Every structure is written in structure tokens, then in C-alpha cells.
Amino acid sequence: MADSTGFLKFDRQSPPRRPVDIRIMDWKDVYLDRESGEDAVFPVAAVREQAARCMDCGIPFCHHGCPLGNLIPEWNDLARRDDWREAIERLHATNNFPEFTGKLCPAPCEGACVLNLQESPVTIKQIEFEIIDQAFANGWVTPQPPQELTGKRVAVVGSGPAGLAAAQQLTRAGHEVTVYERADRIGGLLRYGIPEFKMEKRYVDRRLDQMRAEGTRFVAGVEVGGSGADDLTVAELRSGFDAVVLAGGATVGRDLDVPGRELAGIHLAMEFLPYDNLQALGELDEPPINAAGKRVVIIGGGDTGADCLGTSHRQGAASVAQLEIMPTPPDRRGERNPWPTYPLIMRVSSAHEEGGDRLYSINTERFLDDGAGNVRALLVHDVEMVDGRFQKVEGTDRELPADLVLLAMGFTGAQRTGLVDSLGVEVDGRGNVVRDSEFMSTVPGVFVAGDVGRGQSLIVWAISEGRAAAGAVDNWLTGDSALPRPVTPTAVPLR
Ligand SMILES: Cc1cc2nc3c(=O)[nH]c(=O)nc-3n(C[C@H](O)[C@H](O)[C@H](O)COP(=O)(O)OP(=O)(O)OC[C@H]3O[C@@H](n4cnc5c(N)ncnc54)[C@H](O)[C@@H]3O)c2cc1C
Ligand code: SF4
């Protein structure tokens with residue numbers, strides 16, 4: 001039974017971040033942690049007080065906010081009572097990787113928390129992270145190998161959170177699972193998109209150790225459907241496995257088709273970010289795209305843009321500006337964005353705390369040449385919304401100097417060339433691989449999970465889809481399945 005008055009006794013408190021001037025000197029997590037020996041991080045007693053703020057309201061709207069259906073009030077109460085062991089059992093029952101969501105989820109559950117009616121929700125995400133952190137620290141996260149093997153072989157293509165969740169579920173159900181990844185290391189965007197300062201890669205490695213011990217096989221550096229000597233052909237894929245899960249992500253970056261785009265110094269965000277993860281681990285001294293000493297302009301005001309911002313500061317950029325075509329978000333929910341939907345408000349991420357200018361309602365008309373084929377500036381103007389369309393505000397043309405421009409405007413779907421085209425699976429008008437209500441593509445035995453089917457989304461959705469698709473695969477292979485299916489392919493966030 002929850003403490004029904006905890007929220008009256010304790011105010012919402014979040015863990016402190018490391019001081020800006022210190023953290024931008026390194027690549028480490030912006031938050032302190034116990035493993036680094038930094039005790040005072042956020043004392044366990046403080047997390048328990050925060051958990052006590054959950055009143056276990058009759059209808060837990062937070063459940064509906066979380067695509068995984070995490071049993072939030074249950075583990076909040078267990079955390080309050082200091083029963084971390086039982087708490088991780090409840091949390092792992094719905095989430096394979098709480099350390100990823102506990103670090104990186106934008107927490108739609110908190111938007112839906114009843115206490116958010118007073119803009120002071122329970123710190124659900126922080127409690128989630130504490131539970132899994134305690135579990136690893138106490139050795140409670142152990143391999144869960146299957147009791148029996150089915151003799152069925154499954155290939156998972158792509159090792160992001162969707163592929164990993166599907167692989168773990170299917171391995172535990174007794175199938176022989178091989179995960180293929182074309183990058184040199186396993187993890188998808190967890191490895192080569194999300195910077196070290198948001199989540200250190202040791203969290204990914206630690207989870208992969210558990211998965212290997214359970215029996216999942218990982219093959220990195222192999223593109224399925226690719227044409228390299230080491231790659232796996234589609235014929236080999238189909239003959240070698242009883243079922244396939246496509247979990248290759250939405251990797252095609254949205255480009256900006258304006259004059260001057262061909263100039264040197266203009267890159268998609270995902271051409272830039274993977275290097276920072278190597279640099280952060282000390283494996284690369286001089287990244288080929290480097291913000292050091294440069295005036296950086298990032299086009300795109302979202303999370304990927306914020307990751308470029310934090311990375312540019314750590315590389316030693318002279319200045320950074322982040323442009324967004326949309327107007328400045330409000331400080332509080334608007335009338336058309338009521339509780340319990342996700343609050344569309346101004347957010348200040350850790351990267352924004354570290355500096356740089358955020359410019360809204362601004363459009364890039366062209367890139368300007370320095371005379372030697374390099375970008376020297378952007379020609380921009382203000383825009384306003386008229387009848388639902390952006391319109392230029394005349395007389396606002398100006399130049400914004402730049403030596404490095406990063407395009408962080410989202411993704412337009414799955415890569416078609418190679419695997420998708422060779423398999424012959426249908427792709428919809430938004431560039432996503434089509435699947436039916438059983439997560440199956442238009443090719444029998446080929447299933448689809450994560451961004452490759454949903455389009456650019458979030459880690460929490462990728463894990464939910466991986467879990468749900470695993471249930472569908474297991475059912476297809478054996479005629480029955482006890483695996484949970486938290487979402488359908490057409491499920492959408494609370495609206
Ligand atoms: C820079 C950035 C930061 C982000 N930050 C956050 C965040 O903080 N919080 C959050 O919730 N979400 C965040 N997201 C979104 C989140 O990372 C994605 O929604 C999620 O990773 C999708 O998971 P996935 O498993 O579907 O695909 P991915 O993580 O994209 O993994 C797909 C993998 O498949 C591999 N692959 C593709 N085709 C093949 C092939 N033919 N053969 C072998 N391998 C193949 C790719 O190399 C890739 O590694 C971020 C996205 C980006 C780009
Ligand atoms: S996974 Fe995300 S939405 Fe679900 S409980 Fe955790 S922070 Fe909230």
C-alpha cells in the first residue's frame with residue numbers, strides 16, 4: 001500500500017548534474033554515479049522519498065503513458081519500502097533494459113502522472129534507473145537461459161534496442177538467436193548515436209554480457225543483404241533461419257535541399273555523431289568531422305540537435321547555434337495539449353545548459369561559399385505560421401556565419417537499397433517497412449520491429465516493439481506463445 005500523503009510531505013527533487021565547466025572538459029555522464037565512487041550522487045534515502053510521492057492513485061495514468069506498460073506504482077512502493085530486489089523483478093517483468101530507459105527516456109509516464117496536474121510529477125524515470133542500478137550493484141541481474149530449446153533458428157537484423165529486446169525474449173523462449181549488425185560494434189543508436197555523456201557505453205556492454213551468457217549470438221561487421229565479402233546474402237538469410245526480425249532502424253537522414261548544400265563543411269548529424277563515441281572512448285584523437293575551433297550551426301531543434309550541441313562543446317567549438325523552424329515552445333501546456341498527454345513545452349536538456357544559442361522561427365534559404373568550396377555562412381530569415389503554413393517574414397534576411405553545419409532534422413525511414421529491396425518487403429509512403437497486426441512484413445516469416453516499421457521514434461517504443469514482435473515470432477514458430485505483447489504495430493502515444 002502506497003504512502004497516500006507522501007506527495008504532501010516531499011517536494012519533487014531531481015539528481016544534480018555535474019558542474020557545467022567541469023563536465024564539458026570530458027565525455028563522461030553528466031550525472032554522477034556510484035560506480036565512479038561519487039557517493040553523494042543522489043542518496044538512496046532521497047530516491048525513496050521521491051518514490052513515496054507516488055500515491056498509487058486508482059487509475060494509474062502513468063501506465064498508459066508508458067508504451068511498455070511498466071507497473072510504475074508497484075515498483076514505486078517497493079522502492080519506498082527499500083525492497084529493491086522485488087522492485088527489479090516487477091520492473092524486469094515489463095522492461096528488458098531499464099538502464100537504457102532510466103537514462104534516456106523522455107518519460108511520457110511523468111507527463112501522464114496525476115501529480116503533473118500540478119506540474120510536479122513523481123520522478124519515475126530516476127526511480128527506474130535507481131532500481132536497475134541497485135540490481136546490478138547487488139548482482140541480481142543474472143543470465144536467464146531457456147529451460148528447453150525449440151530447435152528453431154531466428155535471425156535478428158540490427159542491434160539497436162528493438163533488435164536486442166526481440167533477441168532477448170526469443171532466446172529466453174528457447175530459440176537459437178543470432179543478431180547481425182553492420183557496424184563494428186553491437187548497440188545500434190545506443191552505441192553510435194547517443195553520446196557517452198548521455199549514456200556511457202559500459203551500460204550497453206554490461207547488458208550484452210548477460211545476453212551472451214543466455215545464449216544470444218552476436219555478429220558485428222556484417223551487413224545482411226550487403227555486397228561485401230563478409231556480408232550475409234538474402235539467400236543465406238532465408239535458408240539459414242526459420243524466421244527473421246528486421247530491426248534495422250530508420251537510418252535515412254532528412255536532408256536540406258537548398259542552394260549551396262554541396263559545399264564542404266555541411267553534414268548530416270549521423271555522419272558526425274558516431275565519431276564522438278569513438279573519441280569519447282579514447283579510440284580516435286582527430287575525428288574526421290571536428291567542431292574544434294569552429295563556428296557551428298545545427299539545423300534542427302530536437303534531441304539529435306542537442307546531442308550535436310553537447311558534442312560540439314566537448315570538441316571545443318568556438319560558438320554553437322541551434323536553429324529551429326518551429327516557434328519557441330511555451331513554458332506551460334497549451335489548451336490543446338492537456339494532461340495526461342506529453343507536455344509540449346520548452347525543455348532545457350543538459351546540452352542546452354552548457355551554452356549555445358537557440359534560435360526559433362528561422363529558416364535557411366541557402367548556404368554561402370567562402371570562394372574555395374567551403375561553407376562560410378547561412379542565409380536565413382524569420383518565418384511565421386499563416387493558415388498552417390510557414391511564411392517568410394520579409395525584411396529579415398541575414399547571414400549567420402558558420403564553418404560547420406550539422407543537419408539534425410530527423411529521419412525519413414528505412415534504407416531501401418540492400419536488404420529491404422532484396423527481400424522484396426513492401427514499404428509505405430513514409431518510408432517504413434509495412435507489417436500486419438502480427439508484426440509480419442509482406443514476406444512470410446519476416447517480422448518488423450522498431451524504427452524500421454514505426455519510423456523515427458524512441459527507445460521505449462523500440463523495446464516495446466521488440467518484445468511484442470518476439471511474441472508474434474514465437475507464436476508463428478510454435479503455434480503458441482506466453483511472451484507478452486505490450487504494443488500493437490499501430491499503437492500511438494497518448495493523444
Ligand atoms: C542522435 C540520436 C539521439 C537519440 N536520443 C534518444 C534519447 O535520448 N532517448 C530516446 O528515447 N530515443 C533517442 N533517440 C531515438 C532512438 O535512439 C531510436 O528510436 C532507437 O534507437 C530505435 O531503435 P531500433 O532498434 O529500431 O534501431 P537503431 O537503434 O537505429 O538500430 C538499428 C541498427 O540496425 C543496423 N542495421 C541496419 N540495416 C542492417 C543490415 N542490413 N545488416 C546489419 N545491420 C543493419 C544499423 O547499423 C543499426 O545499428 C535518438 C536518436 C538519435 C539519432
Ligand atoms: S520506460 Fe519511459 S515511459 Fe516507461 S516508466 Fe520508464 S521513463 Fe516512464
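Among the residues of the range 439-491, which ones are among the basic types (Lys, Arg) and assigned to a helix (DSSP H, G or I)? Matches in the range 439-491: 454, 467.
Among the residues making up the range 446-475, a single one is surrounded by fewer than 24 Cβ atoms within 10 Å (Cβ to Cβ), small (Gly, Ala, Ser) and within 8 Å of ligand 1 (Cβ to nearest atom): 457. Of the residues making up the range 182-223, just one is of a type in the set (Val, Ile, Thr), more than 16 Å from ligand 2 (Cβ to nearest atom) and over 19 Å from residue 246 (Cβ atoms), namely 204. Could you grab me the full set of residues in the range 209-234 that are under 27 Å from residue 272 (Cβ atoms), among the hydrophobic types (A, V, I, L, M, F, W, C) and in contact with a helix residue (DSSP H, G or I) (Cβ under 8 Å, 6 or more places away or on another chain)? If the condition is that a residue be under 27 Å from residue 272 (Cβ atoms), among the hydrophobic types (A, V, I, L, M, F, W, C) and in contact with a helix residue (DSSP H, G or I) (Cβ under 8 Å, 6 or more places away or on another chain), then 218, 224 are the ones that fit.
Being under 24 Å from residue 169 (Cβ atoms), buried (at least 24 other Cβ atoms within 10 Å of the Cβ), within 16 Å of ligand 1 (Cβ to nearest atom) and not small (Gly, Ala, Ser) is the requirement here; does residue 62 meet it? Break it down stepwise before answering.
On the way: under 24 Å from residue 169 (Cβ atoms): yes; buried (at least 24 other Cβ atoms within 10 Å of the Cβ): yes; within 16 Å of ligand 1 (Cβ to nearest atom): no; not small (Gly, Ala, Ser): yes.
Against the criterion (under 24 Å from residue 169 (Cβ atoms), buried (at least 24 other Cβ atoms within 10 Å of the Cβ), within 16 Å of ligand 1 (Cβ to nearest atom) and not small (Gly, Ala, Ser)), residue 62 does not qualify.
Sub-9 Å Cβ pairs linking a first residue in the range 350-371 that is closer than 18 Å to residue 394 by Cβ to a second residue that is of a type in the set (Gly, Ala, Ser), at least 6 apart or interchain, are 366/260, ordered by first then second residue.
In the list 53, 34, which residue meets the criterion of being over 23 Å from residue 486 (Cα atoms), buried (at least 20 other Cβ atoms within 10 Å of the Cβ) and away from ligand 2 (no atom under 13 Å from the Cβ)? Break it down into steps so the answer makes sense when it comes.
Values: 34 fails: buried (at least 20 other Cβ atoms within 10 Å of the Cβ).
Only one candidate qualifies: 53.
Taking the range 235-263, which residues are more than 11 Å from ligand 1 (Cβ to nearest atom), of a type in the set (Gly, Ala, Ser) and in contact with a helix residue (DSSP H, G or I) (Cβ under 7 Å, 6 or more places away or on another chain)? 243, the sole residue that qualifies. Scoring residue 200 on the criteria (1) in a loop (DSSP other than H, G, I, E, B); (2) surrounded by fewer than 16 Cβ atoms within 10 Å (Cβ to Cβ); (3) on the phi < 0 side of the Ramachandran plot; (4) not hydrophobic (A, V, I, L, M, F, W, C) leaves a single failure, condition (2). Of 372, 377, all but one fail to be closer than 26 Å to residue 264 by Cβ, outside any strand (DSSP E or B) and not hydroxyl-bearing (Ser, Thr, Tyr); the exception is 372.
Looking for something surrounded by 17 or more Cβ atoms within 10 Å (Cβ to Cβ), in a loop (DSSP other than H, G, I, E, B) and in contact (Cβ under 8 Å) with a residue 40 or more places away in the chain - is there at least one such residue anywhere in the range 326-338? Spell out the reasoning first.
Step one: filter the range 326-338 for residues surrounded by 17 or more Cβ atoms within 10 Å (Cβ to Cβ), giving 333.
Narrowing the set further to residues that are in a loop (DSSP other than H, G, I, E, B) leaves 333.
Among the residues that remain, those that are also in contact (Cβ under 8 Å) with a residue 40 or more places away in the chain are: none.
Within the range 326-338 (the criterion being surrounded by 17 or more Cβ atoms within 10 Å (Cβ to Cβ), in a loop (DSSP other than H, G, I, E, B) and in contact (Cβ under 8 Å) with a residue 40 or more places away in the chain), the answer is no, since none of the residues qualifies.
Selection within the range 72-106: residues that are in contact (Cβ under 8 Å) with a residue 40 or more places away in the chain and outside any helix (DSSP H, G or I). The member of this set that is farthest from the chain's Cα centre (by Cα) is 94.
Considering (1) out of contact with any Gly (no Cβ under 9 Å at 6 or more places or on another chain); (2) modelled with pLDDT of 95 or more; (3) more than 30 Å from residue 346 (Cβ to Cβ), the lone condition that residue 96 does not fulfil carries the number (1). Taking every residue in the range 453-478 that is within 12 Å of ligand 2 (Cβ to nearest atom) and pairing it with any residue that is among the small types (Gly, Ala, Ser) and not in a helix (DSSP H, G or I), at least 6 positions away or on another chain, the pairs with Cβ-Cβ distances below 6 Å are 462/450.
Within the range 211-237, restricting attention to residues that are among the acidic types (Asp, Glu) and in a helix (DSSP H, G or I), which residue is nearest to residue 413 (Cα to Cα)?
Filtering the range 211-237 down to residues among the acidic types (Asp, Glu) leaves 214, 223, 230-231, 236.
Still in the running and in a helix (DSSP H, G or I): 214, 236.
On the way: 214: 32, 236: 25 Å.
So, considering only residues that are among the acidic types (Asp, Glu) and in a helix (DSSP H, G or I), the one nearest to residue 413 (Cα to Cα) is 236.
Of the candidates 427, 383, the single residue that is within 20 Å of residue 361 (Cβ to Cβ), in contact with a strand residue (DSSP E or B) (Cβ under 8 Å, 6 or more places away or on another chain) and modelled with pLDDT of 95 or more is 383. In the range 162-178, the qualifying residues are those that are on the phi < 0 side of the Ramachandran plot and in contact with an Asp or Glu (Cβ under 6 Å, 6 or more places away or on another chain), and the one that is nearest to ligand 2 (Cβ to nearest atom) is 162.
Yes/no per residue for (1) in a helix (DSSP H, G or I); (2) under 29 Å from residue 430 (Cβ atoms); (3) away from ligand 2 (no atom under 16 Å from the Cβ); (4) among the hydrophobic types (A, V, I, L, M, F, W, C):
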position	(1), (2), (3), (4)
239	yes, no, yes, no
259	no, yes, yes, no
274	yes, yes, yes, no
282	no, no, yes, no
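If you check 208, 190, which single one turns out to be in a helix (DSSP H, G or I), within 10 Å of ligand 1 (Cβ to nearest atom) and in the same structural domain as residue 454 (by TED's automatic domain parsing)? Break it down stepwise before answering.
Working: 208 fails: within 10 Å of ligand 1 (Cβ to nearest atom).
Exactly one residue qualifies, and that residue is 190.
Filtered by the rule that a residue be buried (at least 23 other Cβ atoms within 10 Å of the Cβ) and in contact with a strand residue (DSSP E or B) (Cβ under 8 Å, 6 or more places away or on another chain), the range 133-161 gives 154, 155, 156, 157, 158, 159.
The values are calculated or read from the model by the stated rules, or taken from the named source; none is laboratory data. Here the structure is a predicted model, which means the values were calculated and not measured. All Cβ positions, glycine included, derive from the backbone under ideal geometry; neighbour counts span all protein chains shown.
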